[in-house]
Amino acid sequence: MVRNPNKESFTPLLEINRAVREGRLEQYRSENLKLGMRPTSFAPGTSQWLWEEQPRAVLNQFGTLQGGYLAVFVDELFATAIASVLNEGEWAATVEVKLSFMRALIPGALAGRARVIYRTRALAFLEAQVSSASGETALTASSTWAIRSAT
């Protein structure tokens, strides 16, 4: 059984999302940011991130980016996009994610963007795209998020 966070325990997580959206990253350096992933712009319902250099640890035996690390990149995109449409006292959790890998990616600059397609009181539907340095779409993703009140 998943326990719903109360308002007091969830407030720090909301602050972390706000800090990322507002560019106050030094105070909240996540492990994903240490991998080189970084946000570049936010607007209501959208987020954009860059991942310009990947550490060797995220490559598979063929020298291409491991899919799990690309999923982490997409999760950062989704989390910051959904956070931008939450009201005070709300929190969101991933219900499902679908990743479609269109081509293998070699190390290099990646650009990602996500957007909230539709939001109801209890659910939000999002989509994301990751492109290579040459601008080719390498991955598309969709996700559903449950929205709950912390009160």
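The values are calculated or read from the model by the stated rules, or taken from the named source; none is laboratory data. Note that the structure is a prediction, hence the values are computed from the model and not measured. Please note: Cβ atoms are built from the backbone with ideal geometry, for glycine as well, and neighbour counts cover all protein chains shown.
A few notes on this one:
- One residue alone among ALA81, ALA93 is under 16 Å from the mean Cα position of the chain (by Cα) and surrounded by fewer than 18 Cβ atoms within 10 Å (Cβ to Cβ), and that residue is ALA93.
- Cβ-Cβ under 7 Å pairs, at least 6 apart or on other chains, region 70-96 side more than 17 Å from GLY45 (Cβ to Cβ), far side at pLDDT below 95 and of a type in the set (Ser, Thr, Tyr): GLY89/SER149; GLY89/THR151
- Residue satisfying all of: in region 112-146; in contact with a Gly (Cβ under 8 Å, 6 or more places away or on another chain) and of a type in the set (A, V, I, L, M); nearest to GLN54 (Cα to Cα) among these: ALA133
- The set of residues in region 109-146 that are part of a strand (DSSP E or B) and farther than 17 Å from ALA93 by Cα comprises LEU110, ALA111, GLY112, ARG113, GLN129, VAL130, SER131, THR137, ALA138, LEU139, THR140.
- When region 110-128 is filtered for residues that are in contact with a Ser or Thr (Cβ under 8 Å, 6 or more places away or on another chain) and either under 19 Å from VAL58 (Cα atoms) or small (Gly, Ala, Ser) (or both), the ones remaining, listed by number, are LEU110, ALA111, GLY112, ALA114, ALA124, ALA128.
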